[in-house]
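The values are calculated or read from the model by the stated rules, or taken from the named source; none is laboratory data. On a predicted model such as this, the values are computed, not experimentally measured, just so you know. Positions of Cβ are generated from backbone atoms using ideal geometry, with glycine treated the same way; all protein chains shown enter the neighbour counts.
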Amino acid sequence: MPIRRPSPTADAAEDARLVAAAERGDRSAFDRLYRRHLDSVYARLTRVIGPVSDRDDLVQQIFVDVYRALPRFRGEASFSTFLHRIVLNVAYEHLARRRRGRTEPLDDRLLEALMAPAASPEQRAREREELRRIFALMDHLSPKRRAAFVLVAVECMSLDEAASLLDANPAAVKQRVLEARRELSVALDRRSQREHR
Amino acid sequence: MNASERDTRVDTEIVAALREVSPALDEIHRARLTGAIDAGLDVADRERAAHRDQTARQPRTRWRWPLFAVAAVAAAFALGIAFRPHEQQAAIPASGATLAVTPPANGSAAQGRPDQSLNRPPEALAPSTSLVALRGERARATVGTRVRLTLVGDGRVTVLAAARDGDIELALHAGRLLVDYDGRAGGTLRVRSPGALTTVVGTLFAVEVAAAGSRVAVARGKVRTETTTGDGAEVAAGNSWTSGDGRLAPISNELALALADHQAAWVGRAVEPELERVAEPPKRARPAVSRPARQPDLNALYEKAEAAMRDRSLAEARRLLETIVDRDPHGPLYEEALLDLARLALTDGDREEALRVLDRLPPRLRDPALAETADHLRARAQPPAPR
């Protein structure tokens, strides 16, 4: 499935209109605004942190944080950029917390929900295990490298775009992606060695 | 393997698979999620309104205190005359529908001043008495030995005379009522609220008076609800129901946390007649920690705290984290424990407490990643800008 990029330019004007109304206290405008972005937030969060069970709580937290932060939104960047910076902040904080604690195994149903519905049961089981392994490999990465890797390598975002979301300079983002690739390659090697033993 | 081969392998085995995943929301999931977000935004709206009210009240309150002081001196003088030791004291007549708790002087509890009612001997809520919580207050009480309740203000709940022995009947007029009811000894609990009658056999649940009637949410067990027109519904654990439209929906995270906190607040307390008031935002006293002869492994303690957070045993998590902070002020877990305490305070919606906790962090954190987290938490803890 092709990755949908959040808010094409044509929608930015509608976002700006809804933001202005929400800032005047129109709650229904904010409701419309967040519903427009719900899918893109959910998708990006899933790609960055994986299909973890507390994802819904984090999505809720993101939109409540955005709602509270809206009076501080100056409109210097698009609303979508502002929103997805908060998405990445929340994802980053979640990953940092998870690295310090125990990682719970991913639920089969949550993994299944990421897969194409038409696949056969055997194929689905195979894909599910493969996805489980991939997310386990991603867990080796530091939160910063992981976020940069997902934005640039998986979502094909330019370094400049990723840098604006990650609040870093493009060179630093490039470095994080390179390091992530190197770490993932080492992890793949280790996995292959274990499987051949 | 050179860099190009390495990149190709990562692209083939990881990137391609991640590009194929389609994290899409189905309609049911979307409805559940938007319900939870709406509930979170409602809470944010209420906080903003409360913050605006508080800001608007502050200048007037400053002028009021001297007036209160004059009134208090006058009252003390009057009491001195009325209760002279050599004179016979008049018995205070008991009124039919007494208030178990009278609201304290305007604004005193909300501003964190000590409430004298805390010093009174414990009371139980008997039939025909009411419990009142002012805006922003929580009042806890028991009814008999089986009902433990927390009333979140602005609120008022009255204990009605039950029709049958063993039954308990409450009327919620306003506010949010969090209830833990042990029905193992038999009997039922009924809560009457605008537009709804909730019948309970044994469970942990909440009833809230909302603009369009009542909302009932269940964390454990099952309750039966009924509207004034006789339409009924069974509300199972994890769900909420509103009397206005009879709609069932998943319980909001905010309410689930409030119920978990209500339950945690009663943990370790004997179910005995008791009444206490807690001003909001609650000023948490550091729990006294009994120190065993051998210092336990702090890592194990931190793991326990993390498990408690996962299980939403927030009071226990706080206790463990404070223990780590107390015992390890220069150790590697000190900063992490403080960040977790700040997160818990934010989960409670207690921004001031979160900022207080964050202020305990050293100016330079050991781990730059933690510094980013601290900045993010500090930004979240800033009060909402008034509109």
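Among (1) in contact with a His (Cβ under 6 Å, 6 or more places away or on another chain); (2) free of Cβ contacts under 8 Å to residues at least 40 places away in the same chain; (3) not aromatic (F, W, Y), which single condition is A:P117 missing?
(1)
Here's the yes/no breakdown for (1) within 16 Å of B:V207 (Cα to Cα); (2) surrounded by fewer than 21 Cβ atoms within 10 Å (Cβ to Cβ); (3) modelled with pLDDT under 70:
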position: B:R113; (1), (2), (3): no, yes, yes
position: B:P121; (1), (2), (3): no, yes, yes
position: B:A126; (1), (2), (3): no, yes, no
position: B:L131; (1), (2), (3): yes, no, no
position: B:R138; (1), (2), (3): yes, no, no
position: B:D154; (1), (2), (3): yes, yes, no
position: B:T158; (1), (2), (3): yes, yes, no
position: B:A162; (1), (2), (3): no, yes, yes
position: B:D165; (1), (2), (3): no, yes, yes
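Filter the range A:23-32 for residues that are over 25 Å from the mean Cα position of the chain (by Cα) and touching a residue at least 40 places away in the same chain (Cβ under 8 Å) and give the result.
A:E23
Return the only residue of B:A345, B:A371, B:A293, B:A381 being at pLDDT 65 or above, out of contact with any His (no Cβ under 9 Å at 6 or more places or on another chain) and over 26 Å from B:R46 (Cα atoms).
B:A371
Could you tell me how many of the residues in the range A:143-165 are assigned to a helix (DSSP H, G or I) and within 13 Å of the chain's Cα centre (by Cα)?
14
Identify all residues within the range A:90-101 that are closer than 14 Å to A:Y42 by Cα and touching a Lys or Arg at 6+ places or on another chain (Cβ under 9 Å); write none if there are none.
Within the range A:90-101, just A:A91 meets the criteria.
Looking only at the range A:13-27, which residues are more than 12 Å from A:Y67 (Cα to Cα), more than 10 Å from every other protein chain (Cβ to nearest Cβ) and loosely packed, with under 15 Cβ neighbours inside 10 Å?
A:A13, A:E14, A:A16, A:R17, A:A20 - these are the residues of the range A:13-27 that are more than 12 Å from A:Y67 (Cα to Cα), more than 10 Å from every other protein chain (Cβ to nearest Cβ) and loosely packed, with under 15 Cβ neighbours inside 10 Å.
Go through the range B:31-60 residue by residue and tally those that are over 18 Å from B:A217 (Cβ atoms) and either of a type outside the set (K, R) or at the interface with chain A (Cβ under 7 Å from one of its Cβ atoms) (or both).
Final tally of qualifying residues: 12.
Of the numbered conditions (1) in contact (Cβ under 8 Å) with a residue 40 or more places away in the chain; (2) in a loop (DSSP other than H, G, I, E, B), A:A168 satisfies every one except a single condition; which is it?
Unmet condition: (1).
Working only within the range A:67-89, note down all residues that are more than 12 Å from the chain's Cα centre (by Cα) and facing another protein chain (nearest Cβ under 10 Å).
Passing the criteria: A:Y67, A:R68, A:A69, A:L70, A:P71, A:R72.
Is there a residue in the range A:136-158 that is more than 11 Å from chain B (Cβ to nearest Cβ) and farther than 25 Å from A:R191 by Cα?
Yes: one or more hits.
Mind telling me which of the residues A:E183, A:E122, A:E129, A:E179 ends up being buried (at least 18 other Cβ atoms within 10 Å of the Cβ) and either charged (D, E, K, R) or more than 16 Å from the chain's Cα centre (by Cα) (or both)?
Selected residue: A:E183, the only one of A:E183, A:E122, A:E129, A:E179 that is buried (at least 18 other Cβ atoms within 10 Å of the Cβ) and either charged (D, E, K, R) or more than 16 Å from the chain's Cα centre (by Cα) (or both).
If I filter the range A:174-181 for residues that are in contact (Cβ under 8 Å) with a residue 40 or more places away in the chain, within 12 Å of chain B (Cβ to nearest Cβ) and under 19 Å from A:D139 (Cα atoms), do I get at least one hit?
no
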